[in-house]
1. Taking the chain, how much of its Cα-Cα pair set, in percent, is spaced more than 39 angstrom apart?
2. Counting only C-alpha contacts under 8 Å and six or more residues apart, can you give the relative contact order of the range 365-487 as a whole percent?
3. Taking 8 Å as the Cα distance limit and 6 or more residues as the minimum spacing, I'd like the relative contact order of the chain as a percentage.
4. Let me have the relative contact order for the range 270-330, percent, based on Cα pairs under 8 Å that are six or more residues apart.
5. Arranged from highest to lowest average of other beta-carbon atoms within 10 Å per residue, in what order do the peptides 37-45, 110-118 appear?
6. Report the label-to-label distance for Glu403 and Asp443 in nanometres (one decimal), using points 7 Å from each Cα along the Cα→Cβ vector.
7. Tell me which DSSP H helices of the chain clear both cut-offs, 15 Å or more of axial length from alpha-carbon atoms and a mean Kyte-Doolittle hydropathy of at least 1.0.
8. With a 10 Å radius around each residue's Cβ, average the other Cβ atoms per peptide and rank 450-461, 240-251, 126-137, highest first.
Amino acid sequence: MFTRMTKLQDSPSVGIDAIAVHVPRLFVDLTAEWARARAPELGEASVEQLVGKVKRGVGVVEMAIPDGHEDSATLAAMAAVKVIEQAGIDPSEIGSIAVGTETTVDQSKSIAAYVLGMLERRFGVDLRCAGAPQFQFACIGATYALESAVNMFRAGENTKPYALVIATDVSRYPLRSAGEYTQGAGAVAMLVCKDPRLCALDARVAGTITRDERDFFRPNGMSTAVVDGKYSIDVYLDCMAEAAELYAARAATSLGVAGQRLDAYIDHFLFHVPFPRMAEYAALRVLGDAWRRDPGMCGELAGAIPEVADPKLDSDRGARKAFEKALAQHPMFRRFFDARVEPSLGLSRRIGNIYSGSMYLGLASLLENAPSRAALAGSRVGFFSYGSGASARVFSGVLVDPERAYVPHVARELAREGQGGRRVPLELDTYERLHAGPPKESDAPSSLAQPIPSVRPAASEFALRRVGTESSAARTDVGYRYYEWVG
Ligand code: HMG
């Protein structure tokens, strides 16, 4: 089934050596108490209607929620510890740490510097020679962080064998809004190096599109995102389609695949997943475009979907939606989706949107769900990255030795406490208390407040212990965040 067409390239083989995921243990079950409370509040006809929409229409059943001692920095550091331990590397061999996030913990200091400190204390190493920037561009920040790390190795500018790239976020929308059931939290850490064991990234193929858009953003001082939901889907799809076209044009020469359809040389499609159904919309757009422009495929589809040859498809949004709705029902598309997209969505269904890490969570999901990880070796993975505001970047890589490079851990950890995992379901009022964050006692920003009490005390993890309050001639630390490893 897989094309195994790794073309030898003159630039060094650079890519992802290992990947690990960390997710808060607390979660909300979107099919139980939450749905019973929200159905009338959201004006849904019944609880079953809301559960059906969330489960099948949006594609999620559970969403991860950070505890009082967790934030984007602790999640990032936990994912980093896991990837270092699972890859079995010496942490002092890390020459740079780059974090992609849109839910930073400070307006100035890089989360990567907080992570660097946590790693130094945990492993007893000195990382002072490492660069530690933070990349921000909504959900695509970590992709730009990865690009920067990869280019550093390609240019021979790395001073140590590894770079650490971390995507970390806490996704928060207002309660009782249509965004509420697309929240989530988590971090994905990746080690980048030459001759990677997991995924060698293709050189000179990436397609990038950026537009100044208002689809989704979070103004300074706000803890939840402002989103124009339906419009955000259109912007995502339009940017993604353009970036995929640019990618295909570059792949034609760089990968030597001129005249071939995207799905002839990409085996697995990893999309940015704000919610799993969005990956289906994106697959319909990207594959729909590739298939209708291919004369053979267009002929095959025309019997069941006459709209495939409609000249208005490129200019009329309504006509394109009708075509994509019809294509969604076609057995050829369903087979494609089930085999080459669905395996990347399993973890998102149980974690929710982790923003900058969500596409990389798709890679972990593919690796965890594969009936045989060894059989994935040599297959090409397409990365379809997106961040609101808005930018899409499409790139690809070839899986090298996934059996040796990947240690399955996420699905196991998602089992409930007492059933072999560490997850704890939240009651509605506890979830709403965590969502509200620290009580507002004055006009001071909430970032200066002390962490709220944890539902489950921290154990074997990094925790936010306190927020600094001192302002004197001797010492000033107002708002500094003190993180500790709690054994
Ligand atoms: P909504 O109003 O909850 O949903 O908004 P809907 O009414 O449009 O229904 C969704 C689907 O469920 C529809 O399917 C319904 O038919 C179906 P479709 O017509 O599209 O095929 N449905 C049902 N299916 C089965 N059984 C039922 C049932 N009822 C309805 N009973 C929306 C959904 C995603 C807009 C909302 O949740 C939202 O605003 N979310 C946040 C924004 C978002 O995630 N946007 C995605 C694109 S932007 C992006 O990805 C960037 C982002 O990650 C941020 C960043 O970059 O930093 C968000």
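1. Working: 24717 of 118341 pairs.
More than 39 Å apart: 21 percent of the Cα pairs in the chain.
2. On the way: 137 pairs, mean separation 16.8, N = 123.
For the range 365-487, the relative contact order is 14 percent.
3. On the way: 1051 pairs, mean separation 110.8, N = 487.
So the answer I get is 23 percent.
4. Values: 35 pairs, mean separation 16.1, N = 61.
It comes to 26 percent, rounded to a whole number.
5. Values: 37-45: 14.1, 110-118: 24.0.
Peptide ranking by packing, descending: 110-118, 37-45.
6. It is 6.6 nm.
7. Details: long enough: 72-87 (22 Å, 1.06); 111-123 (18 Å, 0.80); 141-154 (20 Å, 0.24); 229-254 (37 Å, 0.17); 276-292 (24 Å, -0.22); 317-329 (19 Å, -0.80); 358-369 (16 Å, 0.72).
Going by DSSP H runs, the hits are 72-87.
8. 240-251, 126-137, 450-461
Bear in mind that the values in this text are calculations on the coordinates, not laboratory data. Owing to the predicted nature of the structure, the values given are computational and were not obtained by experimental measurement. Using ideal geometry, Cβ is built from the backbone for each residue, glycine included, and neighbour counts are taken over all protein chains shown.
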